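Here it is, the structure in full.
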Amino acid sequence: MRKVQIITDSGSDIPKDLIAKHNIYIVPYFILFGEKTYRDGVDITTPKLYEMVEKNKILPKTAAITPLEWKKHFDSFIEQDYDIVCLTLSSKISSTFQNAYLTSQEYEQGRVVVVDSKSLSGALALLTLKAVKYRDQGMSAVEIGQELDKLVPKMHTQFVIKTLEYLHKGGRCSALARLLGTVLALKPQIKMFDGKLDVYKKSVGKMSRAVDHMLNDFFAVAEMGKLDSEFVFITHSFAPKMEKYIIQKIKQSGLKIQNLIVSHAGVVISTHCGAGTIGILYLEK
């Protein structure tokens, strides 16, 4: 049986130490800032993104990974006699999955298996680590894909957004909604439903209140005995205070988690959510 290479896109926000430790290959998204093109995590970082947005008063655009780009990366591993498992951002929010899947059809069946995570950021990272685990157990690319497809519907992907500014600049909420959000200190909780992002709950006031609502859902799953405690991700974009707050709440609860991983949102995710956004991402058994 051939060796298996795990590939995902830069929207997974996997910490660099885990990328190196588990031999995960990352394909970067393209970030378009005016006439210049950057590669997420390669030519531009999240701090640089916020600096440029502040200076230019505009948001960049994110471009899906093209079939041609996927083929270049797939070929490099196929030529080394690897089979490939490729996990992407949700097909409902990017054409990256479709592009990767179409490209996979150019190879012999089973050589390139593409999985629609129907999630993003830390949730996609979590699924990628599950893929690594299955690879290390000796599963084939096809078997890994089958196991991941079973997990996708059990994924919980939710974030609290601190400011509506980036949603507004990106054309994702009206000027009125932004005004109301500023006046009322509205903190929307965004959740993925069948691969689509939608407002789940709205909190007014401190960020900690909104985070508490998000954690209540998390602890409810745990109390019912449904939490897969192998990996839980806390992912944020410049929200260190709330990161510590969530970790403290989990410790106080006495909940045992095998791997509580903190990851930082890259440029693709931060472009759409803005600084201060934080999420907890986990899997049901």
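The values are calculated or read from the model by the stated rules, or taken from the named source; none is laboratory data. On a predicted model such as this, the values are computed, not experimentally measured, just so you know. Cβ atoms come from the backbone with ideal geometry, glycine included; neighbour counts cover every protein chain shown.
Spot the failing condition for Lys154; the list is (1) modelled with pLDDT under 95; (2) under 23 Å from Leu281 (Cα atoms), and only one is missed.
(1)
Test of understanding: among Ile44, Ile7, Ile19, Ile24, which residue is free of Cβ contacts under 8 Å to residues at least 12 places away in the same chain and either closer than 18 Å to Lys133 by Cβ or touching a Phe, Trp or Tyr at 6+ places or on another chain (Cβ under 8 Å) (or both)?
Being free of Cβ contacts under 8 Å to residues at least 12 places away in the same chain and either closer than 18 Å to Lys133 by Cβ or touching a Phe, Trp or Tyr at 6+ places or on another chain (Cβ under 8 Å) (or both) holds for just one of Ile44, Ile7, Ile19, Ile24, which is Ile19.
Ile84: over 19 Å from the mean Cα position of the chain (by Cα), more than 28 Å from Glu147 (Cα to Cα) and not in a helix (DSSP H, G or I), yes or no?
no
Residue by residue, here is whether (1) within 19 Å of Leu127 (Cα to Cα); (2) under 19 Å from the mean Cα position of the chain (by Cα) holds:
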{"residue": "Met224", "(1), (2)": "no, no"}
{"residue": "Asp228", "(1), (2)": "yes, yes"}
{"residue": "Phe231", "(1), (2)": "yes, yes"}
{"residue": "His236", "(1), (2)": "yes, yes"}
{"residue": "Pro240", "(1), (2)": "no, yes"}
{"residue": "Tyr245", "(1), (2)": "no, no"}
{"residue": "Ile250", "(1), (2)": "no, no"}
{"residue": "Leu255", "(1), (2)": "no, no"}
{"residue": "Asn259", "(1), (2)": "yes, yes"}
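Filter the strands (runs of 3 or more DSSP E) completely within the stretch 180-285 down to those with at least 3 residues that are modelled with pLDDT of 95 or more.
So the answer is 227-236, 260-264, 278-284.
Continuing with the same structure: When you scan the stretch 229-236, do you find a residue that is surrounded by fewer than 18 Cβ atoms within 10 Å (Cβ to Cβ) and not basic (Lys, Arg), even just one?
Yes, the stretch 229-236 has at least one match.
Now for a separate question. How many residues are under 23 Å from Glu69 (Cα atoms), assigned to a helix (DSSP H, G or I) and aliphatic (A, V, I, L, M) if we restrict to the stretch 100-131?
6
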